[in-house]
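Note sheet for the following structure.
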Amino acid sequence: MGYLALSLRIALSLVFAAAVAGKARHPSAFAAAVREIGRVPGTRLSSAAAALIAAAEAATALALPSGGTAPYGLAAAGALLAAFTPALALAVRRGTRRGCACFGGARSPVGPWHLVRNGVLLLAVGVAAAAGGAAAPRDAGEVAACGLAGAAAAALLVGGERLLAVLAGLTVAGESVSPASARLPVTATAGRRGSARHGRGGARSPAGTPGR
């Protein structure tokens, strides 16, 4: 169980670290998400709240990997996720079209995926806390294996939103292009028919006999 706990703590740490890095790159996008999704009024207040959230996530990411500070990191991760999830659920219920900007830029609107991801993260926090009493791996190879497993899990959780955004973009592009592309052959055909009629009309002589 110690291997599982360390792998989960590394995964959680990397997810929170990715969230902090994204928010640092796009602070205005996250502040706007806090204002709309979190219902924090005012630009100044929402920006301050966004900065506090990013700082808490950074502290959580740093505390999770180490065995000595892991209990504090897990408690902070659970508290943050417990605060984020109801706000996201209300945004989904309201049909909010803004992205959560959880990892910086608002790629896709808040949807069921965000709730599933937070649910998985909360489950990881619970399992890691329950297994925290088990002996942690000490061998360098075992620690590296736990690190690789945690990194793979974090990549799936962080990259899932990007994949959904790409798929949503392809769907929107297909819907916007298809009607136009469907009309082009009809217009071109009509144009060719009109040209053919004008050509035949111009080829006739005034007497009505076919021109040569």
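If I take the Cα coordinates of the range 2-160 and project them onto the principal axes, what are the three extents in Å, biggest first?
50, 27, 24
Under a Cβ-only charge scheme (Lys and Arg +1, Asp and Glu -1), can you give me the dipole magnitude of the range 2-160 about the Cα centre, in debye to the nearest 20?
740
For residue 79 and residue 113 in one chain, what is 0.36 nm times their gap in residues minus the Cα-Cα distance, to one decimal in nm?
Extra length available between residue 79 and residue 113 comes to 10.2 nm.
Obtain the nm distance between the two label points defined at residue 122 and residue 43 by a simple spin-label model: each point lies 7 Å from its Cα along the Cα-to-C-beta direction.
Using points 7 Å along Cα→Cβ, the separation is 3.5 nm.
Once R0 is set to 45 Å, what does the formula 1/(1 + (r/R0)^6) return for the Cβ-Cβ distance between residue 155 and residue 97, expressed as a FRET efficiency to the nearest 0.05?
0.95
Residue 55 to residue 143: extension gain in nm, 0.36 nm per residue of separation minus the Cα-Cα distance?
Between residue 55 and residue 143, full extension yields an extra 28.9 nm.
Quick note: the coordinates plus some simple rules give every number you see, no bench work behind them. In this text, all values refer to a predicted model and were calculated from it rather than measured experimentally. A quick note on method: Cβ atoms are made from the backbone with ideal geometry, for glycine too, and the neighbour counts reach across all protein chains shown.
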